[in-house]
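Colleague: One structure coming up, written as structure tokens, with questions to follow.
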Amino acid sequence: MGKRVLITGLGTFWGSRVAQALEADPEVEVIVGLDRNEPTVPLERTEYVRSDESYSILNRIVKAARIDTIVHTFLVVDSTQMSSRTIHEINVIGTMNLFAAASAAGSTVRNVVVKSSTLVYGAHPKDPVWFSEESRRAAPPRAMVERSLLEVESYVRDFAVDNPHVAVAMLRFSNVLGPDITTPLAKALELPLVPSVFGFDPRFQFVHEADVVRAILFVLAGEIQGIFNVAGDGLLPWSEVAAICGKRTFPLPPIGMGMLSAPLGRLGLELPAELLDLLRHGRGVDNRRLKRRGFDYRYTSAGTVADFVEALRIRGMVGDAGTAYQYERDVEQFFRHSPAVLDPD
Amino acid sequence: MAPPKKATKTAAKPRSTVKLPRSADARTPSMALVPVPKTDAPEGLDDPRRSDVDEWGRSEHMRALARRVYGPLYRNWHRVEWEGLEKIPTDGGALLVSNHAGAIPADAPAIMHGIEEELGRPVYGLADEMFKRMPVVGTVWSRVGGVLAHPDNAYRLLAEQKQLALVFPEGTKGTGKTYGERYQLRRFGRGGFVQIAMRAGVPIVPIAVVGAEEAMPILWKSAPLAKLLGLPYFPITANMIAFAGLGPLGAALTLPAKIKIRVLDPVSFDVEPDQLRYSRSLIMDESEHIRQRIQEALFDMLRDRESVWFG
């Protein structure tokens, strides 16, 4: 019997890409995707369920579809996209419900992968240059999204302790860049002048979007458990990141950014607290643990930035190439379930 | 940001600087780059780096620039003299431990500069996070080899990358001493430096420095100003008075005290490396022992000193 996978956040960048990749895997029998928003990429056989992450629905889906693998990608790490209220609901409440459902009596869940973020380490002058998976953060979180991710991780840890028969993997992803994904850092690097904090040139680490999806699939395939940092090799100063992008930096004052952030936000430059900390102190994470398990990266930190810039340049020349995919419920249902559609085999 | 721009500018320079007036001592190739072992080299991946800033934030080109600026000060102003330089290992990791003094301590750059010039080995200076909080200063500090004194950083530097790291266990307790308290060593922290060396399995090389105390003596300290500025101490130094004509630059310029550096016999520990914890009493014994040896060396060197300015 093949794997029966539940993906949370099918409408998000990661959920949809993981689903696409899993569809190609004959080992995977069923893929159920959950989200409040429709998927933004074409999917062949993934079943999309429009739902919020309430406990009763999750519980019923896990039982009814005999889910044995959960890929939890529905975690918001970009606090500029929604209100803190919504982030709390999605991250903390969503995770709590998901793990409650997964640990219900008679649950068939055996394998869980959670997509967390290196935001949980924070960015502080007392930080080590490299955080290991065991490192503790130097100061309590200031940013709301960091607090919510720490809560998420504590739910995941509780679940792993209470359910020793389930292989739980938690991946902490560094700053993601790539041709397709939009992140606050990507937005900052797309500006004509790249914002920086005056007098600070912290070192940044990046991970390529392709390596993120590969890491999730790698952990899934190997049923690996534990906490892993996922980040490209090498740290590079922010000024060098800007230089690779062919841009100059625009130094913001090192004090009084709290007052400036509102008017800057109106100008299209959103700098939430976690990003301001990062622009001041940077962050490096030790990626060797996942490498020791046999994972190999396709991009280094600098390579990731270079690939992002290349895509940016192409987009600048030819515009957005791919026509946006539109999910049509009836069409998708027809192709999946109508007897009129014949199996090519 | 300015520093990396400077770095790329100097990157092209080294070849053209041969015509610089060489000092009498031909052994001081000020612009020669110290060979930094390339660590964490990504295997076969495209890594389009633009600067030479390493994972610790150190840029060898910035370091070379700093050596060129600091060189004349080292040779002609402080006339730094070494004793027992051969006791510093030429390969493998080692933790250099020294006394620390002066409002803006002259000992750290002297030790780092000397070892880099003479042995061609980079020295990473471990320090408090205070620098990292300061704009500009923090970035420059990091580019010229400053690293936060964090056990993980020290372990990686010493055990994994086999580098030299310099640490001042007195910290700001040493540099914040007033002139009347000179050459009396402060508490050596909580012995963390011993634990780090034990865990990394590297020797400790004690170093005694004479002269840094007089290079920037603190006459008086203002507690309210220190509190206001968030500094560990706000000193009124002899330099501010002596070089009052130079304005703010005068406050940063050291007095031309003769600096003498004596390297003491390295200490190795007979314990298993990579342990989570070591006996507290063993750590305190070793820490106290090293402190005592540096203190004795200081008194010995002071006994032979005839002049603060001429040694």
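Colleague: So which GluC sites (Glu not before Pro) in region A:36-96 end up in coil per DSSP with only 14 or fewer other C-beta atoms within 10 Å?
Modeller: A:E44
Colleague: Can you give the percent of C-alpha pairs in region A:3-336 whose distance is more than 30 Å?
Modeller: That fraction is 34 percent.
Colleague: Need one number: nm distance between label points at A:R45 and B:I236, each 7 Å from Cα along Cα→Cβ, rounded to one decimal.
Modeller: Here the modelled spin labels are 8.3 nm apart.
Colleague: Still on this structure, please answer the following. Out of A:A210, A:A138, A:A101, any idea which swings most in a Gaussian network model of chain A, alpha carbons joined below 10 Å?
Modeller: Result for chain A, Cα springs under 10 Å: A:A138 fluctuates most.
Colleague: Where Lys and Arg each count +1 and Asp and Glu each count -1, what net charge lies around A:A306 among other residues with Cβ under 11 Å from its Cβ?
Modeller: Here the charged neighbours net out to -1.
Colleague: Work out the FRET efficiency for A:D180 and B:S222 from their Cβ-Cβ distance, taking R0 = 45 Å, and round it to the nearest 0.05.
Modeller: 0.20
Colleague: What's the exposure ranking of A:D330, A:D162, going from fewest to most Cβ atoms within 10 Å?
Modeller: Going from least to most buried by this count: A:D330, A:D162.
Colleague: Rg and Dmax of the protein assembly as shown, using alpha carbons, in Å: what are they?
Modeller: Looking at the protein assembly as shown, its Cα Rg and Dmax stand at 28.6, 104 Å.
Colleague: Once the piece of chain linking A:L267 and A:F250 is laid out straight, how much longer is it, given 0.36 nm per residue of separation minus the C-alpha distance between them?
Modeller: 4.7 nm
Colleague: Just A:I216, A:I31, A:I181 to compare: in a GNM of chain A, with alpha carbon springs under 10 Å, which one fluctuates most?
Modeller: A:I181
Colleague: On to the next question. What's the average, rounded to a whole number, of partner chain beta-carbon atoms within 10 Å of each residue's beta-carbon in A:279-292?
Modeller: Per-residue shielding by partner chains comes out at 1.
Colleague: Compute the distance from the alpha-carbon center of region A:249-312 to that of region A:35-84, in whole Å.
Modeller: Going from one Cα centre to the other spans 27 Å.
Colleague: When you count, for each residue, the other Cβ atoms within 10 Å and take the mean per peptide, how do B:84-90, B:290-296, B:251-257, A:295-301 rank with the highest first?
Modeller: Final packing ranking: A:295-301, B:251-257, B:290-296, B:84-90.
Colleague: To continue, here is another question. Would you mind telling me the antiparallel percentage of the DSSP bridges in the protein assembly as shown, rounded to 5?
Modeller: Counting DSSP beta bridges with both partners in the protein assembly as shown, the antiparallel share is about 15 percent.
Colleague: Report, in debye and to the nearest 20, how large the dipole of chain A comes out about its Cα centre when Lys and Arg carry +1 and Asp and Glu carry -1 on their Cβ.
Modeller: With only Lys, Arg, Asp and Glu charged at Cβ, the dipole is about 860 debye.
Colleague: For A:126-134, what's the mean count of beta carbons from other chains sitting within 10 Å of each residue's beta carbon?
Modeller: Taking all residues of A:126-134 together, the mean is 5.
Colleague: Quick check on the protein assembly as shown: helices-only [θ] at 222 nm, where DSSP H runs of length 4 and up contribute -39,500 (n - 2.57) each and the sum goes over total residues. Nearest 500, please.
Modeller: -10500 deg cm²/dmol
Colleague: While we're here: For the residue pair B:R280 and A:A139, what label-to-label distance in nm results when each label sits 7 Å from Cα along the Cα-to-beta-carbon direction?
Modeller: So the two model labels end up 2.9 nm from each other.
Colleague: Using a cut-off of 9 Å between beta-carbons, work out the net charge of the residues near A:G284 (Lys and Arg +1, Asp and Glu -1, A:G284 not included).
Modeller: -1
Colleague: Springs between alpha-carbon pairs under 10 angstrom, Gaussian network model over chain B: which of B:A226, B:A106, B:A197 fluctuates most?
Modeller: Sorting by GNM fluctuation, first place goes to B:A226.
Colleague: Where the centre of each part is set by its Cα atoms, how far does region A:138-176 sit from region B:120-148, in angstrom?
Modeller: If you average the Cα positions of each part, the centres end up 32 Å apart.
Colleague: For peptide A:297-303, how many partner chain Cβ atoms fall within 10 Å of a residue's Cβ, on average?
Modeller: Mean partner-chain Cβ count within 10 Å for A:297-303: 5.
Colleague: Find out how many positive minus negative residues lie around B:E181, taking Lys and Arg as positive, Asp and Glu as negative, among other residues whose Cβ is under 12 Å from that of B:E181.
Modeller: That works out to +3.
Colleague: Oh, and also: Taking the Cβ of each residue in A:T46, A:T12 as the centre, tally the other Cβ atoms inside 10 Å and list the residues starting with the fewest.
Modeller: The most exposed by this proxy come first: A:T12, A:T46.
Just so you know, all these numbers are worked out from the coordinates, no wet-lab data involved. Quantities reported herein were computed from a predicted structural model and do not represent experimental measurements. A quick note on method: Cβ atoms are made from the backbone with ideal geometry, for glycine too, and the neighbour counts reach across all protein chains shown.
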